[in-house]
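To keep things clear, I will list the structure first and then write my remarks on it.
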Amino acid sequence: MKNILRALRTERGWSQAELADRLDVSRQSVNAIETGKYDPSLPLAFAIARLFGRGIEDIFDDGLDAAAAAE
Amino acid sequence: MATLGFRTANKRYKRLFWPMMALYVALILAAKWLVDEDTTPLWIRAGFAVATTAPLVAAIWAILRQARETDEYTRARQMRALAEAGAIVACGTFLVGFLQIFAVIGTIEVFWFGPAYFIAFGLSYYRNCMGPTV
């Protein structure tokens, strides 16, 4: 799943380790999410969204059009 | 399942794992110094065998507890590594077993499958770090 986590993190001048500390996950977790190797669970996605003050959909993009998916 | 987060789980893991490893090494050294295959009574030798196994059991429990308590990505990597290590050692066990049954090789101590499992676990864990999606 595509996401803008790296952009949001660098915008704030945080390292991966710093972000990992704030989310209480490993640095490897942050790296795996940023590179799209790992899709976070809903609770972790919410925690990320809360930390950056955004909605989940603003950060993560599954590539599907919501209108098309509703049909 | 009680998830404590990466930091707390890691602290709890280190607090149990490393003392158990130190105890294990101390017991191995003590056994080497105190136990003689020919003269030491059987019950003492059996006691050392059980005592040396105990810290290993505690260390394995520490690994499983950490997997239960840590963050989701680390847990996924650990579970995958534990499963892959199990599969590799099971294959190795069959191979060695058949080599023995067909008298290709002599007897190999069962003990070595334990360290083989942990080596396979370590390699798999760090390979998953660079590998594809968990």
Per-residue HN-Hα couplings for the stretch B:113-119 [Karplus 6.51, -1.76, 1.60; θ = phi - 60°; Hz; x = Gly/Pro]: 5, x, x, 4, 5, 6, 5
For the stretch B:38-126, which chymotrypsin sites (Phe, Trp or Tyr not before Pro) pass both filters: DSSP loop (anything but H, G, I, E, B) and at most 11 other C-beta atoms within 10 Å? B:102
Mean separation of Cα contacts under 8 Å (6+ apart) over length of chain A, as relative contact order %: 39 percent
In the Gaussian network model of chain B, springs joining C-alpha atoms below 10 Å, which of B:78, B:100, B:66 carries the largest mean-square fluctuation? B:100
Which shape class applies to the stretch A:2-57: rounded if a/c is under 1.5, otherwise prolate when a/b exceeds b/c and oblate if not, where a ≥ b ≥ c are the square roots of the Cα gyration tensor eigenvalues? rounded
Relative contact order for chain B: what is it in percent, counting Cα pairs under 8 Å that are at least 6 residues apart? 31 percent
If you average the C-alpha positions of the stretch B:1-68 and of the stretch B:79-96 separately, how far apart do those two centres end up, in angstrom? 22 Å
Ballpark to the nearest 100 Å², how much total accessible area do B and A bury together, probe 1.4 Å? 1200 Å²
Radius, Kirkwood style, for the protein assembly as shown when every pair of distinct Cα atoms is counted (Å): 20.5 Å
For chain B, modelled as a GNM with alpha-carbon contacts under 10 angstrom, which of B:64, B:95, B:23 fluctuates the most? B:95
Excluding residues fewer than 8 positions from residue A:2 in its own chain, the lysines with Cα under 29 Å of it are A:37
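What 222 nm value per residue comes from the helices of chain B, counting each DSSP H run with n ≥ 4 as -39,500 (n - 2.57) and dividing by all residues, nearest 500 deg cm²/dmol?
-28000 deg cm²/dmol
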Cα centroid distance between the stretch B:97-125 and the stretch A:1-40, in Å? 39 Å
For residue B:110, solvent-accessible area (1.4 Å; no DNA, RNA or ligand), Å²: 110 Å²
Among B:103, B:62, B:81, determine the one that fluctuates most according to a GNM of chain B built with springs between C-alpha atoms less than 10 Å apart. B:103
For the stretch B:72-134, rounded, prolate or oblate, judged on the Cα gyration tensor with a ≥ b ≥ c (square roots of eigenvalues), a/c < 1.5 rounded, else prolate if a/b > b/c? prolate
Under a 5 Å amide H to amide H cut-off, with H placed in plane at 1.01 Å, what residues pair with residue A:38 once short-range neighbours are removed? A:33
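The values are calculated or read from the model by the stated rules, or taken from the named source; none is laboratory data. Remember, it's a predicted structure, so these values are computed and weren't measured experimentally. Every residue, glycine among them, receives a Cβ derived from its backbone with ideal geometry; neighbour counts consider all protein chains shown. Areas reflect the complete protein model, heavy atoms only, side chains present, ligands, DNA and RNA absent. Shrake-Rupley method; radii C 1.70, N 1.55, O 1.52, S 1.80 Å.
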